[in-house]
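For reference, the structure discussed in these notes is given below.
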Amino acid sequence: MSPNLSPLNVPDLVNLQCFVALSKSLSFKESAASVALSPAAFSDRIRKLEEQLGSALFERTTRRVKLTQFGTQLLPHAQELLNSAARWVEATNLEGIQVPYAIRLGTRFELGMSWIVPSLNLLKSMNTQRTISLKWGTDQELLRMLNRGEIDALISSVRVRQRSLNILALHREDYVLVSAPSLNLGNLKAQEASQLVLIDTEEELPLFRYFSESLPNGEPWLFKGYELMGTIAAVRSRVLEGVGIAVLPLYFVKDDLEIGALTSIAVNHTLKHDFFRLIWREDLIYKTALSELANDLQTVPLA
């Protein structure tokens with residue numbers, strides 16, 4: 001008789017990865033980092049696995065962590081399950097077997113609505129077995145979702161230096177310094193900034209740095225005031241109203257520039273550029289599917 005493989009008794013593969021990682025290092029902090037989870041999310045994974053199994057896998061004291069007898073007995077089986085899952089993924093790739101699967105993809109709202117959502121049908125035609133579901137958030141919120149296992153990958157131009165993450169560039173992202181035509185600014189000079197309001201998304205001025213970091217002599221630009229809008233859509237809205245100036249992604253304001261609703265005010269200066277990237281955790285078993293998604297996204301032009 002075949003075993004009952006209902007979702008109630010088959011352990012989550014990420015939970016098993018956490019179990020195996022902790023059995024090796026016996027350190028929650030070190031193990032959490034090895035699977036790109038926060039310590040809290042990692043502990044929650046271990047707790048849920050123990051609750052599902054109905055028995056403790058580790059003995060915890062203030063000084064040390066060690067496997068219980070039950071944990072020691074299950075460890076080789078957990079490793080074999082992970083190895084089998086990896087072999088299954090490899091076999092489907094080698095044999096060309098088409099298995100339906102879903103990818104939980106995180107992105108910023110503006111990028112998702114202007115590029116990802118309009119491209120979903122095209123992406124589906126490229127791989128009919130793949131289903132993409134979307135989650136929205138800021139860059140930092142998306143990274144937290146990724147580390148907690150709430151999404152499989154994210155698309156962003158955020159710069160990350162986490163060694164446990166895979167990063168593939170998708171498209172170049174160019175930026176432009178803009179204002180409403182009513183401000184009559186022409187080719188803006190540093191000394192004129194003191195009469196203007198700079199509009200950005202956050203206190204660190206992440207958009208304006210694409211301009212400031214490109215200045216040859218690092219000349220400071222001091223503004224009359226600052227407005228922080230949280231999203232590039234809100235920044236664009238305020239610039240269109242003539243409230244101030246801002247650096248915005250070219251793809252996002254290209255139509256505004258073409259119809260004259262906005263005007264470039266650094267025409268003799270080239271701003272720094274960036275890249276939209278697909279980012280996912282190194283430990284994911286289906287990372288080949290994410291590499292294929294990255295290849296497909298590279299063929300879909302930005303809106």
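Bear in mind these aren't lab numbers, they're just calculated from the coordinates by the rules spelled out. What you are looking at is a predicted structure, and each value in this text was computed from that prediction instead of being measured. Here the Cβ is made from the backbone with ideal geometry for all residues, glycine too, and neighbour counts use every protein chain on show.
The table below gives the values:
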quantity: Taking only Cα atoms of the chain, radius of gyration then Dmax in Å; calculated: 24.2, 81
quantity: Restricting the stretch 161-205 to GluC sites (Glu not before Pro) in coil, as DSSP defines it, with at most 15 other Cβ within 10 Å; calculated: 202, 203, 204
quantity: Two-decimal Rg/Rh across the stretch 13-94, once Rg and the Kirkwood Rh are taken from alpha-carbon atoms; calculated: 1.00
quantity: The chain, helix-only ellipticity at 222 nm - DSSP H runs n ≥ 4, -39,500 (n - 2.57), divided by all residues, nearest 500; calculated: -12000 deg cm²/dmol
quantity: Rounded to 5, the percent of DSSP beta bridges in the stretch 52-165 classed as antiparallel; calculated: 25 percent
quantity: Choice from 31, 55, 157 with maximal GNM fluctuation in the chain (Cα, 10 Å cutoff); calculated: 55
quantity: Computed E for residue 68/residue 159 - FRET, C-beta separation, R0 45 angstrom, nearest 0.05; calculated: 0.60
quantity: Share, in percent, of DSSP beta bridges within the stretch 175-272 that are antiparallel, nearest 5; calculated: 55 percent
quantity: Highest-MSF residue in the chain out of 209, 148, 64 [GNM, Cα springs under 10 Å]; calculated: 64
quantity: Approximate spin-label separation residue 60-residue 131, in nm, with each point projected 7 Å along Cα-to-Cβ; calculated: 3.5 nm
quantity: Filter on 135/224; 29/272; 135/287; 189/254; 254/287; 66/287 - keep pairs with C-alpha separation over 28 Å; calculated: 135/224; 29/272; 254/287; 66/287
quantity: Shape of the stretch 175-272, Cα gyration tensor, a/c cut at 1.5; calculated: rounded
quantity: Kirkwood Rh and Cα Rg combined as Rg over Rh, evaluated for the stretch 72-224; calculated: 1.13
quantity: Among beta bridges that DSSP assigns inside the chain, antiparallel share in %, nearest 5; calculated: 60 percent
quantity: Simple label model, 7 Å out from Cα along Cβ direction - residue 259 to residue 240, nm; calculated: 0.8 nm
quantity: Candidates 45, 108, 163: whichever shows maximal mean-square fluctuation once the chain is modelled as a Gaussian network with Cα springs under 10 Å; calculated: 163
